[in-house]
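The values are calculated or read from the model by the stated rules, or taken from the named source; none is laboratory data. Remember, predicted model here, so these are calculated numbers, not experimental data. Virtual Cβ from ideal backbone geometry, glycine too; neighbours counted across all protein chains shown.
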Amino acid sequence: MISIDDFAKVEMYIGKILEAERVPETDKLLKLRVDFGEDSPRQVISGIAEFFEDPQELVGVLCPFVTNLEPRTIRGLESQAMIVAAHTSDGTFSILTPQNSSVVPGTKLN
């Protein structure tokens, strides 16, 4: 369990996936370029490749990311955020997306 004060430190924003490609020589990793409404897109390395036969189906998708984690190097690539998605015990995987079309990259989750 964490306190509400600890949870309040987590910053989550909607990002728009601009590019998605497999990380060579890995089965699970995708390299994403994500727009958060900042000066330049961020690179996100995510272990979700097994759920997407073609990573290009993620291009244009709006979804939530944790944006204030310390950058982490994975297979020599820096990841600057973490995607928020659902993965059930039976293997079902889902990217969470906003229902309202007026939600834009950089929208803060409260």
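Taken over the range 73-102, residues that are closer than 17 Å to Thr26 by Cα, in contact with a Ser or Thr (Cβ under 8 Å, 6 or more places away or on another chain) and surrounded by 12 or more Cβ atoms within 10 Å (Cβ to Cβ) amount to 2.
What about Ile74, is it in contact (Cβ under 8 Å) with a residue 12 or more places away in the chain and under 10 Å from the mean Cα position of the chain (by Cα)? In short, no. The combined condition, being touching a residue at least 12 places away in the same chain (Cβ under 8 Å) and either farther than 25 Å from Thr107 by Cα or not charged (D, E, K, R) (or both), is fulfilled by Ala49.
Among the residues of the range 64-101, which ones are among the β-branched types (Val, Ile, Thr) and in a strand (DSSP E or B)? The answer is Val66, Thr73, Ile74, Ile83, Ile95. Within the range 10-30, restricting attention to residues that are of a type in the set (D, E, K, R) and exposed (fewer than 10 other Cβ atoms within 10 Å of the Cβ), the residue that is farthest from Ala81 (Cα to Cα) is Glu25. Note on the range 52-71: residues that are in contact (Cβ under 8 Å) with a residue 24 or more places away in the chain and within 25 Å of Asp6 (Cβ to Cβ) total 6. Counting residues in the range 84-98 that are touching a Gly at 6+ places or on another chain (Cβ under 9 Å) and either modelled with pLDDT of 95 or more or at positive phi (or both) gives zero.
The rows are residues; the columns are (1) closer than 28 Å to Ser101 by Cα; (2) modelled with pLDDT of 95 or more; (3) outside any loop (DSSP other than H, G, I, E, B); (4) touching a Gly at 6+ places or on another chain (Cβ under 8 Å).
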| position | (1), (2), (3), (4) |
| --- | --- |
| Asp5 | no, yes, yes, no |
| Lys16 | yes, yes, yes, yes |
| Ser40 | yes, yes, no, no |
| Gln43 | yes, yes, yes, no |
